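The values are calculated or read from the model by the stated rules, or taken from the named source; none is laboratory data. Only a predicted model underlies this, so the values are computations on that prediction, with no experimental measurement involved. Ideal geometry is used to build each Cβ from the backbone, glycine not excepted, and the neighbour counts take in all protein chains shown.
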């Protein structure tokens, strides 16, 4: 059905990562309550890699992505991007950052200005940064549209409403890449699309990533989609990271009980697939009042007294494989 | 020509749909949303209807339920429930069937519940209206339903408003409402879309269990081949308003004949495949239903299409027991194997 692209990846020899997030907290306050959307997560991203961030709704994966592009202010923690420390930037420094970090959103149609022509939408970042002449900007925009599979001469003068969801997502990608960013944050970019269109967009993203040497933070809830595009995958639960590992390793031998539960709940289009899933009972607790110790312990089949007392920190259990669990699977 | 989901043979099918056509009047002419669909379903069996957006799967399920607006749609053909014709039946006749015989779980649990009524009221209402239960008895039944669908502390939840429940809990409430009057046929339209994977597994398991306990027939409408793979007896694949393939679930996955079914399956990323596996996307888009092509609707996107496909529309023909497809050049064991890369 498919041919596998094998990319030789050098593991852990690169001197300095493109992005490193240290003990990031994002809290939201309302009245007397505090929602701990992101409660202390740490990870790094190498140049040119795709890190998948997966978890269920409310786990803080989108907030993490938004904090990385500084749409959401971090309550505490550090985000290093190259030489910059993002949480301490002032407004004009932040503006400059936005040329290097771009984000693509879930709803392709509402993230495009309905009153503008698509060629102008794609050229807008260039206009804002006064890059090139008017003619050059139009050429760049046309080239970007052409690259993502929208014919600029036939369709460039149209408005977003005249395009399908998949085409709008292509336009969003063209706009995000017009400035040649280093880091691309994709927040559930295919979850609103049909599977056949989803495959087109995922393939396009893979191609563009190679072409533009992008580093991608790919946020999604769909385990199969995340595995398909990611070099490494991080699993989040209730504001904290459970596990990070190279994609194939994580799906092959999950070490965190939550990762294992997620995987067993996933449906595969195979009637012979075993349905021995032990789906998690109940629902995630409220991030307003999370459980003490390990946040997953209230639903974990392996939880013991220690899990309530001591927060498990992310630790290495194998090269490149980190898990935050006192009693990881297979040890 | 309709195949019955393998029942015990002699029993008449619970639901029979024959030559159903649904079109909507639009300013640009009639839109044929469902074209010549036939199916039948025996008691206790599950039928999956699979298709992408615009394939007509939701319109089909609403036509069976009798929920389409009469003023703007034209429905022809036949929908029989226990042999009784219910297509275009008067509303008061349909109302006798709704809830007690046929019930529906809608896609969006966020907007399908009344936001200003307590959920207990919403569950006990059909009991009072259809089964004429007195208030106390209705409440007792509603509480036991809440328990059956796995809602913890039902007594407190009974007094809650929908906004106080999570998406998964609301979908459980929707199921409780649908099941309140013990229907014989449940139509579930994308019951787990928008829910998290662990919750999706819970809801699908719950539906399967309740169906088994009550020997109820179910139609599971979804865009996700993964959802129907292990939970249905038979699958119908729809494309651009047409049924393009129909087969018992295991047969479909083992020997699919219609290139669209294969393309749909191959475009899905699989957990079983290594990361960065290239997906085989279906290029292009489904046809505009206002100007449907003369030939096979999938021909413009089909890798196997030949001249005949664009000229003449292939009929849905039963080619093997229970396995029908609409294709001039169906997949064979050889090219199927080549496509899968075995």
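Quick rundown of the values:
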read-out: Top-ranked residue in segment B:253-275 [being touching a helix residue (DSSP H, G or I) at 6+ places or on another chain (Cβ under 7 Å) and part of a loop (DSSP other than H, G, I, E, B); ranked as farthest from residue A:263 (Cα to Cα)]; value: B:256
read-out: Residues (within 11 Å of chain A (Cβ to nearest Cβ) and surrounded by 24 or more Cβ atoms within 10 Å (Cβ to Cβ)) located in segment B:232-246; value: B:232, B:235, B:239
read-out: Criterion: in contact with a strand residue (DSSP E or B) (Cβ under 6 Å, 6 or more places away or on another chain), over 30 Å from residue B:199 (Cβ atoms) and surrounded by fewer than 18 Cβ atoms within 10 Å (Cβ to Cβ) - qualifying residue of A:116, A:47; value: A:47
read-out: Among (1) under 12 Å from the mean Cα position of the chain (by Cα); (2) modelled with pLDDT of 95 or more - the single one residue A:24 does not satisfy; value: (1)
read-out: Filter result (without any contact (Cβ under 8 Å) to a residue 40 or more places away in the chain and within 21 Å of the chain's Cα centre (by Cα)) within segment B:96-108; value: B:97, B:98
read-out: Within segment B:151-163, tally of residues that are at pLDDT 90 or above and surrounded by 13 or more Cβ atoms within 10 Å (Cβ to Cβ); value: 6
read-out: From the options A:62, A:111, residue that is assigned by TED's automatic domain parsing to the domain that holds residue A:198, crowded, with 17+ Cβ neighbours inside 10 Å and closer than 25 Å to residue A:201 by Cα; value: A:62
read-out: Single residue of segment B:284-337 satisfying the filter (in contact with a strand residue (DSSP E or B) (Cβ under 7 Å, 6 or more places away or on another chain) and assigned to a helix (DSSP H, G or I)) that is nearest to residue B:236 (Cα to Cα); value: B:289
read-out: Single match in B:267, B:275 (criterion: surrounded by 21 or more Cβ atoms within 10 Å (Cβ to Cβ), farther than 11 Å from residue A:199 by Cβ, within 11 Å of another protein chain (Cβ to nearest Cβ) and without any contact (Cβ under 8 Å) to a residue 24 or more places away in the chain); value: B:275
read-out: Criterion violated by residue A:245 - all others in (1) closer than 17 Å to residue B:274 by Cβ; (2) more than 10 Å from every other protein chain (Cβ to nearest Cβ); (3) in contact with a helix residue (DSSP H, G or I) (Cβ under 8 Å, 6 or more places away or on another chain); (4) at pLDDT 95 or above satisfied; value: (3)
read-out: Flag if residue B:74 is exposed (fewer than 15 other Cβ atoms within 10 Å of the Cβ) and either under 20 Å from the mean Cα position of the chain (by Cα) or not in a loop (DSSP other than H, G, I, E, B) (or both); value: yes
read-out: Test: residue B:250 is surrounded by fewer than 17 Cβ atoms within 10 Å (Cβ to Cβ), within 12 Å of chain A (Cβ to nearest Cβ) and assigned to a helix (DSSP H, G or I); value: yes
read-out: Residue within segment A:282-297 that is touching a helix residue (DSSP H, G or I) at 6+ places or on another chain (Cβ under 8 Å), in a helix (DSSP H, G or I), more than 14 Å from every other protein chain (Cβ to nearest Cβ) and modelled with pLDDT of 90 or more present; value: yes
read-out: Complete set of residues in segment A:251-276 that are surrounded by 22 or more Cβ atoms within 10 Å (Cβ to Cβ), free of Cβ contacts under 8 Å to residues at least 60 places away in the same chain, under 17 Å from residue A:302 (Cα atoms) and out of contact with any strand residue (DSSP E or B) (no Cβ under 6 Å at 6 or more places or on another chain); value: A:261
read-out: Considering residues of segment A:142-154 that are part of a loop (DSSP other than H, G, I, E, B) and surrounded by 14 or more Cβ atoms within 10 Å (Cβ to Cβ) only, the residue nearest to the chain's Cα centre (by Cα); value: A:148
read-out: Those helices (runs of 4 or more DSSP H) lying entirely in segment A:29-141 with at least 1 residues under 24 Å from residue A:168 (Cα atoms), within 14 Å of chain B (Cβ to nearest Cβ) and in contact (Cβ under 8 Å) with a residue 12 or more places away in the chain; value: A:61-68
read-out: Scope segment B:77-101; condition surrounded by 14 or more Cβ atoms within 10 Å (Cβ to Cβ) and under 27 Å from residue B:123 (Cβ atoms); matching residues; value: B:81, B:82, B:86, B:89, B:94, B:95, B:97, B:98, B:99, B:100, B:101
read-out: Those residues of segment B:189-221 which are surrounded by fewer than 24 Cβ atoms within 10 Å (Cβ to Cβ) and under 22 Å from residue B:263 (Cα atoms), in sequence order; value: B:190, B:193
read-out: Conditions (1) more than 20 Å from residue A:272 (Cα to Cα); (2) crowded, with 24+ Cβ neighbours inside 10 Å: number failed by residue B:228; value: (1)
read-out: Answer residue from segment B:286-304, given it is farther than 17 Å from residue B:32 by Cα and free of Cβ contacts under 8 Å to residues at least 24 places away in the same chain and is surrounded by the most Cβ atoms within 10 Å (Cβ to Cβ) among those; value: B:299
read-out: Segment B:80-104, residues that are more than 19 Å from residue B:186 (Cβ to Cβ) and outside any loop (DSSP other than H, G, I, E, B); value: B:85, B:91, B:92, B:93
read-out: Helices (runs of 4 or more DSSP H) wholly inside segment B:105-206 that include at least 1 residues being within 14 Å of chain A (Cβ to nearest Cβ); value: B:154-157, B:167-179
